[in-house]
Structure formats: structure tokens, C-alpha cells
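Note sheet for the following structure.
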Amino acid sequence: MDNNASEVSPNGEISARLKTERNRIGLNQNSFADAMGIALTSYVRYEQGKRSITADKLLELEKTGADVCFILTGKRVTHPEGHIEKRFAELDQHAQQIVQELITLLLKD
């Protein structure tokens with residue numbers, strides 16, 4: 001008997017995390033398939049572990065807010081609270097002004 005028969009393949013782990021991430025975002029399979037630019041049947045094969053997801057499709061998913069690092073590794077990428085503020089404070093005054101102007105431009109309607 002194969003001792004590895006009960007182990008989940010890396011593709012199976014990625015498939016399970018793909019579904020977990022889709023559910024976390026609150027999208028259905030069809031919405032994820034649309035975001036990736038693929039047919040629903042192809043997406044379902046990704047979640048079933050019958051097909052390996054490609055890097056270009058993961059990049060498309062990132063646009064939905066999906067945590068691609070989590071899908072691939074099972075680890076979420078987070079920064080400690082205050083990380084952005086600390087990095088901002090490390091900038092010189094001119095750089096801080098540029099960042100503030102960029103934020104203002106991005107938030108304009």
C-alpha cells in the first residue's frame with residue numbers, strides 16, 4: 001500500500017486555498033472565472049485540482065483583491081500595524097509631500 005496515498009498534492013492544496021480565498025472575497029466561481037478570463041468549466045477544474053493554475057491567471061485574480069501569496073503558499077502577507085506610518089515617517093519632507101499629493105490625486109472623484 002502506498003504510504004503517500006492520503007497526502008494532499010501541492011496542486012490539491014492550492015486548489016483548496018483558491019476556493020477558500022474566493023469565499024473570503026465573497027465571489028462565486030463564475031465571477032472568479034470572469035476575472036481570470038476563462039470559462040467556468042476551466043475554473044472549476046482549478047478548484048477540483050484537476051488543472052494547475054498558471055501565473056498569468058493568478059495575476060488576474062490579484063485584481064479582485066485575492067491574496068495570491070496565500071493561494072500559493074498558505075501564508076498571508078501582512079504588515080504589522082503602523083508599518084506604513086513608520087515607513088512614511090522615515091521619508092524626508094519632500095518625499096512625504098509627494099506621497100501626500102499622490103494620495104490626494106488618487107482620492108479625487
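Each reported figure results from applying straightforward, stated rules to the coordinates on display, with no laboratory input. Not measured: the values here are computed from a predicted model. Ideal geometry is used to build each Cβ from the backbone, glycine not excepted, and the neighbour counts take in all protein chains shown.
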field: Computed lengthening from Ser31 to Arg87, 0.36 nm per intervening residue step minus Cα-Cα distance
entry: 16.6 nm
message: Suppose a student asked you for the relative contact order of the chain, using Cα pairs under 8 Å spaced at least 6 residues apart; what percent would you report?
response: 23 percent
message: Give me the net charge for the shell around Leu91: Cβ to Cβ below 15 angstrom, other residues only, Lys and Arg +1, Asp and Glu -1.
response: -2
- prompt: So how strong a dipole does the chain carry about its Cα centre when Lys and Arg Cβ are +1 and Asp and Glu Cβ are -1, to the nearest 20 debye?
  reply: 380 debye
Most fluctuating residue given options Gln29, Gln97, Gln48, as computed from a GNM of the chain linking Cα atoms under 10 Å: Gln97
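Could you sort out which of Lys19/Lys57; Lys50/Lys75; Lys19/Lys75; Lys57/Lys86 sit more than 26 Å apart by Cα distance in this structure? Don't skip to the answer; put the middle values down first.
Numbers: Lys19/Lys57 15 Å; Lys50/Lys75 23 Å; Lys19/Lys75 15 Å; Lys57/Lys86 34 Å.
Cα-Cα > 26 Å for Lys57/Lys86; rest within.
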- prompt: Distances over 20 Å make up what percent of all Cα-Cα pairs in the chain?
  reply: 55 percent
